[in-house]
Every structure is written in structure tokens, then in C-alpha cells.
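Written out below as C-alpha cells is the structure these notes cover.
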Amino acid sequence: MSMYVKRCPECGSLNLSYHHDKGEVICRDCGLVVEDKMVDFDQEWREFDGDTGAQKRRTGSPMSYRQFDKGLGTDVGRAEDIYKLDGKTKNKFFRLRKWQQRVSTAIERNLKLALSELKRISSFLKLPESVEEESSRIYTLAVQKGLVRGRSMESVVAGAIYAACRKHDVPRTLDELAESSGIDRKEIGRTYRFVIRELDIKILPSNPVDYIPRFASELKLNALTQSKAVEIIEEARSIALTSGRGPTGIAAAALYVAALLHGEKRTQRAVADVAGVTEVTIRNRYKELLSELDLEEQIKKKKKKLKGEDDDEEDVDEE
């Protein structure tokens, strides 16, 4: 049924029928032809397997910034077909293939190398395709504006990936990017700030909640603990306790507090290793959360309860 026709203009009925073969919309109550000569945008052929569909389609793959030519490049024949030709013609087509595969401009040469490095880092960090596509777009814009000149290609690639992660709310830290790219985290941070400033990319501050599922999974904490950690962060944000502090440190401290409240013992060292921060950061954020959110009394009660359960178990063992 046409998306523009909602009711019959003659009798006001909603009982409309769409005739696919005639391209008409007819009112079943009064018989009025509400719309005719409708355009059918569906494919006019059917496919029963992937090979049949690929042969009948008349369009190629969509444009993508993940390829230096955006996926619009073509090949001069296939090698197996060229080998069937006679000597002179075969040499001619091989020369054409060789010249066509050569990248002409400096921007294309840079993109060809950089996008392969970007793909490697994205694979290492297990980033979704949307983030890889966005980071490729950011890097392409940076190259076209000449922002790569005077900087290493790898640092701009890492900065573009970090910007795309922040834009799509995919939690990845500068330390993880430094480990995967081999570039110092301070250099990545400087390049990231330069790129988003020059390209006028608006990025909101990181939300500590985005880090909770990944950290909780690595620490093997249950869903109740994760939910409690999210509640703690939301309370902290409501009183502006998270502003000016690293999101990973806040997320790690909230998980540590939530684990204590639910009786899941995790050391500060273990939490710090997973979050990529120091134990001092965990302790500082932990103390701030306890004092500002009045959680100290709850933790003391939980510890007493757990200690009482342990004493009861020992009594049973002695009996």
C-alpha cells in the first residue's frame, strides 16, 4: 500500500487494497480507485541463492572510505582471461593492468598505506565497521586538508580512530590505542585534539557508564553489580562529581564499590589493571564516592553480614 494513502477520500474508509499487478490502490467498501499507475521499486527478479543474486544485480558494492578509491576502482580484465589471448594482445593488457594499479597522486599513495594501517588497528581493537568507516572518513578529510604534513601517518591514524570511538560512544582508551599502534599516548592525544579542532568535529565528553560492561566482563562481575555501578555513576554525575575526572577511573571505582556492596571481592590491583589506571586513582575515586554519596555505612553493614556468614559456616564445620 502506498505510504501516502491512509484512507479513502470518498467514504473515509481505511479498508484499502493494493493490487500489485495493476499498481492500484482500491477501496474495498466503495470501490473507488484511490491511486493508480504506482511505481514498484522492488526488484523484478527473484534469487534463490547468493550466486544467482550476484549475477543478476546491476549495481556494485556501496562507496566506502575504507578504500583509498572509495571502492570505485575497476580492473582491466582478469588475469585468467588475459592468459587466453595471443602474445601481443596479452602483453598489452598486462601493461594496462600494471599502469592502472599504480597509484598516481600523493594523496592516494598516502591513503593506500594509511588505510591498511587503520584496518589493522581496528581489527586489533575489535572495533565495529561503523567506527572503522568513520575513522577512515576523518583521516581522508585530514589528508585532503593537509593536516598530515609534518606529522607521522601512524599518529594521525590513531587520532582519527580515537575521535571515531569517542563520536560513536565506543569505549577505547588512549593506552589501548598506544599499545595497538606503537605511538606514545601523549602524541596520540595531541594529534587527536589537533584533528578535531581543525576539522571542527564536535565530540561530547566520555561517559563513564560506557566502560562498565567491558570492565565488568573482564572482572567476571554479575549483572546486579553492573547495574549498581551504573546507579552509582548516575548519582555521582547528578552532583557533578565526575566532571574534571577521568572516565575510566570513575567507572573502575564505581565497579569496585558495587562489587563490595554485592559481596563480590575484587582487589584494587585487579580493577586497576583492567581499567588501565593506577591503584592510587582507584583509592582516590573510591574515597570520593564513599564520602559524597554516603556509601560508607552500606559497605560496613555488608562486611559485617559477610563476616557473620563466614563465622556461621565455621561453626557448622566444627560441629
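Going by the conditions given, is Tyr192 within 28 Å of Val156 (Cβ to Cβ), touching a Phe, Trp or Tyr at 6+ places or on another chain (Cβ under 6 Å) and among the hydroxyl-bearing types (Ser, Thr, Tyr)? Yes: the conditions hold for Tyr192. Filtering region 214-233 to residues that are free of Cβ contacts under 8 Å to residues at least 40 places away in the same chain and surrounded by fewer than 16 Cβ atoms within 10 Å (Cβ to Cβ) leaves Ser217, Lys220, Ala223, Leu224, Ser227, Glu231. For region 175-187, the count of residues that are surrounded by fewer than 19 Cβ atoms within 10 Å (Cβ to Cβ) and closer than 20 Å to Asn110 by Cβ is nonzero.
Here's a check for you: in region 1-30, which residue that is hydroxyl-bearing (Ser, Thr, Tyr) and at pLDDT 80 or above is farthest from the chain's Cα centre (by Cα)? Among those residues, the one meeting the criterion is Ser13. Would you be able to tell me the number of residues in region 240-265 that are on the phi > 0 side of the Ramachandran plot and touching a helix residue (DSSP H, G or I) at 6+ places or on another chain (Cβ under 8 Å)? Selection size over region 240-265: 1.
When region 100-140 is examined, which residues are found to be of a type outside the set (Ser, Thr, Tyr) and within 10 Å of the chain's Cα centre (by Cα)?
Correct list: Lys126, Leu127, Pro128, Glu129, Val131, Glu132, Glu133, Glu134.
Of all residues in region 252-305, those satisfying the criterion of being within 27 Å of the chain's Cα centre (by Cα) and assigned to a loop (DSSP other than H, G, I, E, B) are Gly276, Val277, Thr278.
When we screen Arg269, Arg237 for residues that are surrounded by fewer than 19 Cβ atoms within 10 Å (Cβ to Cβ), basic (Lys, Arg) and at pLDDT 90 or above, the only hit is Arg269. Screening Glu44 against (1) surrounded by 12 or more Cβ atoms within 10 Å (Cβ to Cβ); (2) modelled with pLDDT under 75; (3) part of a loop (DSSP other than H, G, I, E, B); (4) not β-branched (Val, Ile, Thr) leaves a single unmet condition, (1).
Quick check on region 168-177. Is at least one of its residues among the acidic types (Asp, Glu), at pLDDT below 95 and over 18 Å from Ser136 (Cα atoms)? Within region 168-177 (the criterion being among the acidic types (Asp, Glu), at pLDDT below 95 and over 18 Å from Ser136 (Cα atoms)), the answer is yes, since at least one residue qualifies.
The values are calculated or read from the model by the stated rules, or taken from the named source; none is laboratory data. Since the model is a prediction, treat every value here as computed from it, not as a measurement. All Cβ positions, even for glycine, are placed from backbone atoms using ideal geometry, and neighbour counts span all protein chains on display.
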